[in-house]
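Just below is one structure, and these are the notes that go with it.
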Amino acid sequence: MDNLIISDLSKTYKNGVKALQNISLQIPKGMFGLLGPNGAGKSTLMRTIATLQEADHGELMLGGLNIQTQPNELRKILGYLPQQFGVYPALSAEMLLSHLAVLKGIMNRKERKDIVLALLNRVNLYEVRKQKLGEFSGGMKQRFGIAQALLNNPKLLIVDEPTAGLDPVERNRFYNLLSEVGEQTIVILSTHIVDDVKELCTKMAIINKGQVVIQGNPIEIIASLNGRLYEKTIQKCELEHYKNEYQVISDRLYLGKQLVHVLSDSHPGSDFKPIEANLEDVYMTQIFKS
């Protein structure tokens, strides 16, 4: 399986917003997590890779395929589930998936039916294949979205904020499905939900303000914070003082009091206790720095 190579990719919109600033990534087969807050540039990057918009400069290569000069060739091997995936509510899952299969060039009727039913079974929608999509839950629609993205057996699958709004059961189903797909395919998971990346991805990058601020293996990135993270429970009224005195990377309410996480190369004293880092701490640290 060829790697996806993103080299020095930049995009500035007409209103002056620098959505991408010299993005460079190497993405191998498997699950790759792209983390970042809303507005960080994730969706712009995904749309650019998916040939839905052009970059100002930079290069996108999938093996020997130049995505910018050969967009139609890329589309033949691309699966894409955008953040907003619309369906025709009056059509059944089987009918719409069959129609989408025609649009992707699967013209033989028997072959098309076999592929459609196999995909609906794979995403656990076979039993409701005759049901109207307008009656589907959010999770069911997302699974249908993955089915349409897999119609052409893609070498590259892009999913943009796929688990937003899903309940825990649907979310776990979605995780399992993406993990299965990622065994044979490059899967880029773009999200602002840290747990999505923690559960699924062996490689990741954090993007903020259009720039890659860190990339690598999640476990190794988390280990880089070991011995430098501390927490303390304080009064809510003390929060501003602690933000002024320490590098507070996150704060949250815990049993009616404020729990702060502080990054420090030495023990900050004053009843702070050392803690093990997690991916959310990494995320907050990088967003805080940038």
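The values are calculated or read from the model by the stated rules, or taken from the named source; none is laboratory data. Bear in mind that the values here come from a model prediction, so they are computed numbers and not experimental data. Heads up, the Cβs are rebuilt from the backbone with ideal geometry, glycines too, and the neighbour counts pull from every protein chain shown. Protein only, heavy atoms only, side chains kept; ligands, DNA and RNA dropped before computing areas. Shrake-Rupley method; radii C 1.70, N 1.55, O 1.52, S 1.80 Å.
Going through the range 198-218 one residue at a time, which ones are at pLDDT 90 or above and among the aliphatic types (A, V, I, L, M)?
Of everything in the range 198-218, those that are at pLDDT 90 or above and among the aliphatic types (A, V, I, L, M) turn out to be Met204, Ala205, Ile206, Ile207, Val212, Val213, Ile214.
Would you mind stating whether Ser224 is crowded, with 17+ Cβ neighbours inside 10 Å and among the polar types (S, T, N, Q)?
No, not satisfied.
Any residue that is within 19 Å of Asp195 (Cα to Cα), surrounded by 11 or more Cβ atoms within 10 Å (Cβ to Cβ), outside the structural domain of Asp196 (by the TED database) and under 27 Å from the mean Cα position of the chain (by Cα) - is there at least one of those in the range 252-272?
Yes - at least one qualifying residue is present in the range 252-272.
Can you run down the residue pairs with Cβ atoms below 8 Å, 6 or more apart or on separate chains, where the first is in the range 117-137 and touching a residue at least 24 places away in the same chain (Cβ under 8 Å) and the partner is surrounded by 18 or more Cβ atoms within 10 Å (Cβ to Cβ) and among the β-branched types (Val, Ile, Thr)?
As it stands, the answer is Val123/Ile146, since those pairs meet every condition given.
Is it true that some residue in the range 150-163 is at pLDDT below 95, assigned to a helix (DSSP H, G or I) and open to solvent by less than 10 Å² (accessible area, probe 1.4 Å)?
Taking every residue of the range 150-163 in turn, none turns out to be at pLDDT below 95, assigned to a helix (DSSP H, G or I) and open to solvent by less than 10 Å² (accessible area, probe 1.4 Å).
Taking the range 52-94 on its own, how many of its residues are among the β-branched types (Val, Ile, Thr) and either over 17 Å from Gln148 (Cβ atoms) or modelled with pLDDT of 95 or more (or both)?
Within the range 52-94, residues that are among the β-branched types (Val, Ile, Thr) and either over 17 Å from Gln148 (Cβ atoms) or modelled with pLDDT of 95 or more (or both) number 2.
What's the number of the only condition in (1) open to solvent by less than 30 Å² (accessible area, probe 1.4 Å); (2) over 16 Å from the mean Cα position of the chain (by Cα) that Gly79 fails to meet?
(2)
Would a scan of the range 98-115 turn up a residue that is without any contact (Cβ under 8 Å) to a residue 24 or more places away in the chain, surrounded by 16 or more Cβ atoms within 10 Å (Cβ to Cβ) and over 24 Å from the mean Cα position of the chain (by Cα)?
Within the range 98-115 (the criterion being without any contact (Cβ under 8 Å) to a residue 24 or more places away in the chain, surrounded by 16 or more Cβ atoms within 10 Å (Cβ to Cβ) and over 24 Å from the mean Cα position of the chain (by Cα)), the answer is yes, since at least one residue qualifies.
Identify, please: which residue in the range 119-148 is among the aromatic types (Phe, Trp, Tyr) and part of a helix (DSSP H, G or I) and is, among those, most open to solvent (accessible area, probe 1.4 Å)?
Tyr126
If we keep just the residues of the range 167-187 that are in contact with a helix residue (DSSP H, G or I) (Cβ under 7 Å, 6 or more places away or on another chain) and buried (at least 20 other Cβ atoms within 10 Å of the Cβ), which is farthest from Tyr88 (Cα to Cα)?
Here the answer is Val187.
For a quick check of your reading of the model, give me the residue pairs whose first member lies in the range 73-92 and is in a strand (DSSP E or B), whose second is modelled with pLDDT of 95 or more and loosely packed, with under 14 Cβ neighbours inside 10 Å, with beta-carbon atoms closer than 7 Å and at least 6 apart or on different chains.
Short answer, once both residue conditions are applied: Ser92/Lys130.
Of all the strands (runs of 3 or more DSSP E) wholly in the range 196-290, which have at least 1 residues that are within 20 Å of Gly41 (Cβ to Cβ)?
It comes to 203-208, 211-216.
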